[in-house]
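Enquirer: This is the structure I want to talk about, given as structure tokens.
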Amino acid sequence: MKITVIGAGNVGATTAFRLAEKQLARELVLLDVVEGIPQGKALDMYESGPVGLFDTKVTGSNDYADTANSDIVVITAGLPRKPGMSREDLLMMNAGIVREVTRRIMEHSKNPIIVVVSNPLDIMTFVAWKQSGLPKERVIGMAGVLDSARFRSFIAMELGVSMQDVTACVLGGHGDAMVPVVKYTTVAGIPIADLIPADRIAELVERTRTGGAEIVNYLKQGSAFYAPAASVVEMVESIVLDRKRVLTCAVSLDGEYGIDGTFVGVPVKLGKNGVEQVYEIKLDQSDLDLLQKSAVIVDDNCKMLEAPFT
Ligand code: TXD
């Protein structure tokens, strides 16, 4: 198993380190445009092997030839929003980066599974899929695992129970358009509505929706990376070990939930072939409306990216 992580920033480097520690790959390549950073971070990780007790061969590079024959590629490359830059500007810039990165990946790997992390997530997943020419089962966006993890951690904190017993269902787009589904959120099978008053649940839902901004406000520069990296690794692990985990991921829908051809977060089964099943769960009309609204936002943005896919 060979895994490449594109982007040696906060999320990319943390993801690579967790993957190495878990020995999920024989070979792990960390690639970035900036010279020296991926090489330095990869060597540092490799040197932790004797202490962390792993044998994964971690290398850093600026050359896509080193990513040749990757089984899985994680794309975290992107630019953060700078002062004076609109969301639209950021969208265009990151779309250009993700398109170029995907093009280069595909020159050296025939049939990888691509996990997209770069923002705006759902749209960047569409861009990577379109550029790669891969079947839709092999291009998957990470957001739902993170959003669910945030909701789960807030519920565990609220009730003083183990995180392990809390499962949450957060669908839809990443960001404002996410759809936390309270009905399918439980503690050891007990619906949270039986454990937490409705007004308090609404507050936890709101905290989940703004979870990314909460971290940004603390950090001032940069955004969350520990929980995002852990979420990527959970997805990669399910693929590498063919665990068939059921996780919320951004995938291209094919009529499920009345949505066609748009990437949006829904529960899927992840195994060695990527997305092995999309689950169409019964939603209340209000949640379904939100999910469809979420898909319309993603779709509108994808249409805005008019540059040709070559
Ligand atoms: O839930 C989610 N999907 C997210 C998404 C959770 C957290 C972060 N999310 C997004 O991931 C975030 O908004 C960014 O778009 C990406 C990466 O976040 P990170 O925090 O790692 O950003 P950094 O630290 O700025 O790292 C980005 C790296 C940096 O080292 C750049 O030099 C590199 O990307 N970069 C490139 N690498 C390769 N090729 C190109 N063209 C390139 N451009 C920039």
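The values are calculated or read from the model by the stated rules, or taken from the named source; none is laboratory data. It should be emphasised that the depicted structure is a prediction, and the values quoted were computed from it without experimental measurement. Virtual Cβ from ideal backbone geometry, glycine too; neighbours counted across all protein chains shown. Please note that ligands, DNA and RNA were not included when accessible areas were found on the heavy atoms of the full protein model with its side chains. Shrake-Rupley method; radii C 1.70, N 1.55, O 1.52, S 1.80 Å.
Enquirer: Cross-chain or 8 or more residues apart, Cα under 14 Å: how many lysine pairs in the stretch 2-141 fit that? Count them up, please.
Expert: For the stretch 2-141, the number of qualifying lysine pairs is 5.
Enquirer: Running a GNM on the chain with Cα contacts under 10 Å, which residue among Gly160, Gly49, Gly40 ends up with the highest mean-square fluctuation?
Expert: With Cα springs under 10 Å in the chain, the top fluctuation among Gly160, Gly49, Gly40 is at Gly160.
Enquirer: Using θ = phi - 60° and the Karplus curve 6.51 cos²θ - 1.76 cosθ + 1.60, what whole-Hz ³J(HN,Hα) does each residue of the stretch 62-72 get, with Gly and Pro shown as x?
Expert: Coupling constants for the stretch 62-72: 10, 10, 5, 4, 6, 8, 3, 6, 6, 7, 9 Hz.
Enquirer: I've got another one for you. Assuming R0 = 41 Å, what is the FRET efficiency of Glu100 and Tyr279, from their Cβ-Cβ distance, to the nearest 0.05?
Expert: The pair Glu100/Tyr279 has a calculated efficiency of 0.75.
Enquirer: Next question. Given the DSSP H assignment, sum -39500 (n - 2.57) over each helix run of at least 4 residues in the chain and divide by its residue total; what's the result at 222 nm in deg cm²/dmol, nearest 500?
Expert: -13500 deg cm²/dmol
Enquirer: Taking the chain as the reference, fit the longest principal axis to its C-alpha atoms, fit the long axis of helix 121-132 to the helix C-alpha atoms, and give the angle between the two in degrees, 0 to 90, nearest 10.
Expert: Taking the Cα atoms of the chain, the angle to 121-132 is about 40 degrees.
Enquirer: Is any residue of the stretch 169-183 close enough, with backbone N under 16 Å, to a label point placed 7 angstrom from the Cα of Arg87 along the Cα-Cβ axis, and if so, which?
Expert: Of the residues in the stretch 169-183, 172-179 have backbone N under 16 Å from the label point off Arg87.
Enquirer: Hey, for a label at Glu237 modelled as a point 7 Å past Cα toward Cβ, could you say which residues of the stretch 9-37 have their backbone N under 17 Å away?
Expert: Only 14-26 pass the distance filter.
Enquirer: Using a 1.4 angstrom probe, figure out how much accessible area the stretch 13-120 has per residue, in square angstrom, rounded to the nearest whole.
Expert: 50
Enquirer: I've got another one for you. So how tilted is helix 285-304 from the main axis of the chain? Cα-based, degrees 0 to 90, rounded to 10.
Expert: 30
Enquirer: Hey, another quick one. How much of the DSSP beta bridge set in the chain is antiparallel, as a percent to the nearest 5?
Expert: Given both bridge residues lie in the chain, the antiparallel proportion sits at roughly 50 percent.
Enquirer: Please give the residues of the stretch 133-161, grouped as numeric ranges, whose backbone N is less than 14 Å from a label point set 7 Å along the Cα-to-Cβ vector of Lys293.
Expert: none
Enquirer: Turning to a different aspect of this structure: Can you tell me the relative contact order of the chain? Whole percent, Cα pairs under 8 Å, sequence separation 6 or more.
Expert: 16
Enquirer: Could you derive backbone 3J(HN,Hα) for the stretch 200-212 from the dihedral phi with the Karplus parameters 6.51, -1.76 and 1.60 (θ = phi - 60°), listing whole Hz in sequence and x where the residue is Gly or Pro?
Expert: So the Karplus estimates, Gly and Pro as x, are 6, 4, 4, 5, 5, 4, 5, 5, 5, 4, 10, x, x Hz.
Enquirer: Same structure, new question: Percent of accessible area on the chain owned by carbon and sulfur, 1.4 Å probe?
Expert: It is 53 percent, rounded to a whole number.
Enquirer: Rounded to the nearest 20 debye, what is the charge dipole size of the chain about its Cα centre when +1 sits on each Lys and Arg Cβ and -1 on each Asp and Glu Cβ?
Expert: 380
Enquirer: Let me ask another. Compute the accessible area per residue over the stretch 144-307, keeping the other protein chains in place, probe 1.4 Å, unit Å².
Expert: 48
Enquirer: Longest segment of the chain with no trypsin sites (Lys or Arg not before Pro) in a DSSP loop having at most 16 other Cβ atoms within 10 Å?
Expert: 111-219
Enquirer: Name the longest site-free stretch of the chain, where the excluded sites are GluC sites (Glu not before Pro) in a DSSP loop with no more than 16 other beta-carbon atoms within 10 Å.
Expert: Maximal segment without exposed cleavage sites: 36-279.
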